[in-house]
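To start, the structure under review is shown below, and the notes come after it.
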Amino acid sequence: MDFHASSPSPALAHIAAKVERGERLSREDGLALFACPDLTAVGALAHAARTRRHGLNTYYVLNRHVNYTNVCVNGCVFCAYSRERGQAGGFELSVDQVLAKLAESPVVPREVHIVGGCHPDLPLSFYLDMLSAVRAALPEAGLKCFTAVEIEHFAALSGLSTREVLSALKAAGLDMLPGGGAEIFAPEVRRRICPKKISGERWLAIHGQAHELGLSTNCSLLFGHLESEEDRVDHLLLLREQQDSSGGFNCLIPLPFQTENSLLKVPAAVTGVDILRTIAVARLLLDNIAHIKAYWVMLTVKLAQAALYYGADDFDGTVVEEKIGHMAGADSEQGLTRAELEAMIRGCGFTPVERDALFRPVRQEARA
Ligand code: V47
Ligand code: SF4
């Protein structure tokens, strides 16, 4: 690919006309956006789609991540976070320890993000107790907990269906599911990077069930490992199709693969240019998902700022403590303050908007 070609390809002119008319882009359009040498032109189209939806608003949230365990039966090849049962470095938090972490947050979190490995023997009652306790401690917070992969695991261990597990978790206080576990849907790549994980089809079906039960969810794309550009486009189109039928996705989180401490060896780490392009293509293809996250933890703050000009409109949040990306070498801060988030957003020409877990703006008078 010639990175320095000066004029947009004819394929882009055709896509630009569609974007202008607000028309849905095709698989071929997605591939052409990846192939187009003019990254800036691709970014400009994504920026047009982003500003049409959100103007210059850029969302952020006061949130707190808590990982309750890294013990996991799945052993995904790319994952630097998980440990086998009994292996050095494995941990399990009790409900009280989860509450203590939330209590020691520098701000009262408006969004609580709780995920963990697929632990071999924690019972469903542990997760229900944890949710009820967090709900009681933080009645105002949006509880965004457990990926579809964990939901399938809880169902297998409890003998309930995933729909029953979701209903029970919702009754205990769950508001939404995070976007993790989607990785890349292409079966052949999935078999190589996470052979024990649920299929892409199953991941989508569980999100569909959550949507039917009135739970919003996020979705994600893990890229920069063994997948092709076709696989990325197909992944985004499957998310778009699911959204057409069940409608509950709030936000896509594009996750560039962090290579350190991982058994998965890739020829070269993903470049900043590829990350910006992938975010832009996601914005352009996902005409029915409102938000694209510039997840500063995986992107670094500076690239996340640039991503706001390539289709992203959400800067995630304070986070406070992050393990999954940092154990894989993510070169970002552990947490940010509200003042830092606002300054970072403002500093590159956007308007910070504090949101809750469901992306509803927080009214000025309600700000802590
Ligand atoms: O599912 C694991 C990914 C995900 C690596 O919903 C890695 O608001 C890169 O989904 N390099 C979990 N990625 C994180 C996630 C998330 C994060 C922030 C917000 C939300 C949300 C969701 O992290 C996993 C996996 O795809 N992951 N290892 C790695 N080495
Ligand atoms: Fe377990 Fe999730 Fe890591 Fe896979 S990515 S090994 S499911 S913690």
| For the chain, can you list the cysteines whose C-beta has no other cysteine C-beta under 4.7 Å from it? | C36, C72, C118, C145, C219, C251, C348
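Quick one: net charge around G86, please, counting Lys, Arg +1 and Asp, Glu -1 for every other residue with C-beta under 15 Å from its C-beta.
-1
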| task | Between S199 and V301, with labels modelled 7 Å along Cα→Cβ, what's the label distance in nm to one decimal, could you check? | result | 4.4
| query | Considering the zone a paramagnetic label at S158 would reach in this model (a point 7 Å from Cα along the Cα-to-Cβ line), which residues of segment 90-124 have amide N under 13 Å from it? | reply | 122-124
| In segment 87-185, what GluC sites (Glu not before Pro) fall in a loop by DSSP, with at most 15 other Cβ atoms inside 10 Å? | E104, E140
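Tell me, what % of the accessible area of the chain is carbon and sulfur with a 1.4 angstrom probe? Numbers along the way, then the final one.
On the way: 7810 of 14530 Å².
That fraction is 54 percent.
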| Considering only protein heavy atoms, what per residue accessible area in square angstrom results for the chain with a 1.4 angstrom probe? | 39
| Calculated FRET value between R27 and E321, using beta carbons and R₀ = 41 Å, to 0.05 | 0.55
| remark: the chain, Kirkwood Rh and Cα Rg, ratio Rg/Rh at 0.95
| request: Quickly work out the K18-to-A171 label distance, labels modelled 7 Å from Cα along the C-beta direction, and quote it in nm with one decimal. | output: 4.6
| Radius 11 Å from Cβ of V71, net charge of other residues (Lys, Arg +1; Asp, Glu -1) | -1
| request: Report the extension gain between Q364 and V273 in nm, rounded to one decimal, defined as 0.36 nm multiplied by the number of residues separating them, less their alpha carbon distance. | output: 29.1 nm
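The values are calculated or read from the model by the stated rules, or taken from the named source; none is laboratory data. Since the model is a prediction, treat every value here as computed from it, not as a measurement. Glycine also receives a Cβ, built like all others from the backbone with ideal geometry; neighbour counts cover every protein chain displayed. Remember, those area values only see protein heavy atoms, side chains included, never the ligands or the DNA or RNA. Shrake-Rupley method; radii C 1.70, N 1.55, O 1.52, S 1.80 Å.
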